[in-house]
Amino acid sequence: MASFKERIDKWKARKWHQKAGDIFFWLFLILLIIPGPRKHIATGINKVFLHARRPSIAKDANTYQLSPAEYHWDIRDENGEPSDPASLKGEVIFLNFWGTYCPPCIAEMPEIQKIYDDYGDRVRFILVSAETPAKVKSFLESRNYNLPSYYGGRGMPEALSIRSVPTTFIISRDGRIISKKVGAADWDSRATRRIFDALLSE
């Protein structure tokens, strides 16, 4: 087995680009082990691939029609007040489940803010987190987001149940789930605008 000195000498004999590759690899490995940098790296990677992921409308055969009873969602606003199920009927809804701990969620948040800025007065945006209102509020304020925040989501109907975050649903005025996206997506896109415009014109 080679001694430590022999290993160092062997490494010194490597070409400069090989040394640079070695250093980059070990730095990257260390950053992945440390929780803070690991989250930033994962968020950055998600942002790189974000624009390749755009929402799409489900084919008619794959759409699900929510019944009136399925609008009784167990979510509350930042003041702890329960949402009013009746107020959601007849609205185009953008329903997003997310968390501040989730790199894909963080990566898509700027896109959600942009589309909210353009459609927030016509589309009901509901962003649901299982975290505390204080934590979510601190996260949003630190990034200058003004997105509507809701909490809970455990009593959602089966059609709106999720296994991971982010998961996003777009629901038509008459209660059809016309789009479901698991994972981060480019929400500030022509695809999203086409979906919203089509639903708003119905």
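Rule-based calculations on the coordinates, nothing more; no lab input. None of the values given here were measured: they were computed from a predicted structure. With ideal geometry, Cβ positions are generated from the backbone for all residues, glycine too; neighbour counts draw on all protein chains shown.
Taking Cα centroids, how far is segment 173-188 from segment 112-146 in Å?
If you average the Cα positions of each part, the centres end up 16 Å apart.
As a footprinting exposure proxy, order 108, 158 by other Cβ within 10 Å, with the fewest listed first. Intermediate results must be reported in sequence, preceding the final value.
Details: 108 27, 158 7.
Ranked by crowding around the Cβ, least crowded first: 158, 108.
Please give me, ordered by residue number, the chymotrypsin sites (Phe, Trp or Tyr not before Pro) of segment 61-136 that lie in loop per DSSP and have at most 14 other Cβ atoms within 10 Å. Present the calculation step by step, with values, prior to reporting the outcome.
Working: sites: 64, 71, 73, 94, 97, 98, 101, 116, 119, 125; in loops: 73, 101.
Filter output for segment 61-136: 101.
With θ taken as phi - 60° and the coefficients 6.51, -1.76 and 1.60, list the Karplus ³J(HN,Hα) couplings across segment 146-152 in order, rounded to whole Hz; mark glycine and proline as x.
Once rounded to whole Hz, the list reads 10, 7, x, 10, 10, 9, x.
What trypsin sites (Lys or Arg not before Pro) in segment 93-202 are in a loop by DSSP, with at most 15 other Cβ atoms within 10 Å of the Cβ?
122, 143, 154, 163, 173
Over segment 60-200, calculate the relative contact order: mean separation of alpha carbon pairs under 8 Å at least 6 apart, over the residue count, as a percent. Walk me through the intermediate numbers first.
Details: 230 pairs, mean separation 50.3, N = 141.
Relative contact order of segment 60-200: 36 percent.
Fewest Cβ neighbours within 10 Å first, please rank 88, 95 accordingly. Display every interim value, and only then the final one.
Numbers: 88 18, 95 24.
Ranking 88, 95 by Cβ neighbours within 10 Å, fewest first, gives 88, 95.
Report the semi-axes of the equivalent ellipsoid for segment 60-200 in whole Å, largest first, where each axis is √(5λ) for an eigenvalue λ of the Cα gyration tensor.
Working: eigenvalues 91, 66, 40 Å².
Rounded to whole Å, the semi-axes are 21, 18, 14.
With each label point set 7 Å from Cα along the Cα-Cβ vector, what nm distance links residue 77 and residue 91?
Label-label distance for residue 77 and residue 91, simple model: 1.0 nm.
Going 7 Å from the Cα of residue 117 along its beta-carbon direction, which residues of segment 181-202 have the amide nitrogen within less than 16 Å of the resulting point?
Once the point is set 7 Å along Cα→Cβ of residue 117, 187-190, 193 turn out to lie under 16 Å by backbone N, inside segment 181-202.
Could you give the length gained on full extension between residue 137 and residue 191, defined as 0.36 nm per residue of separation minus the Cα-Cα distance, in nm?
Values: separation 54, 0.36 × 54 = 19.44 nm, distance 2.92 nm.
Length gained, residue 137 through residue 191: 16.5 nm.
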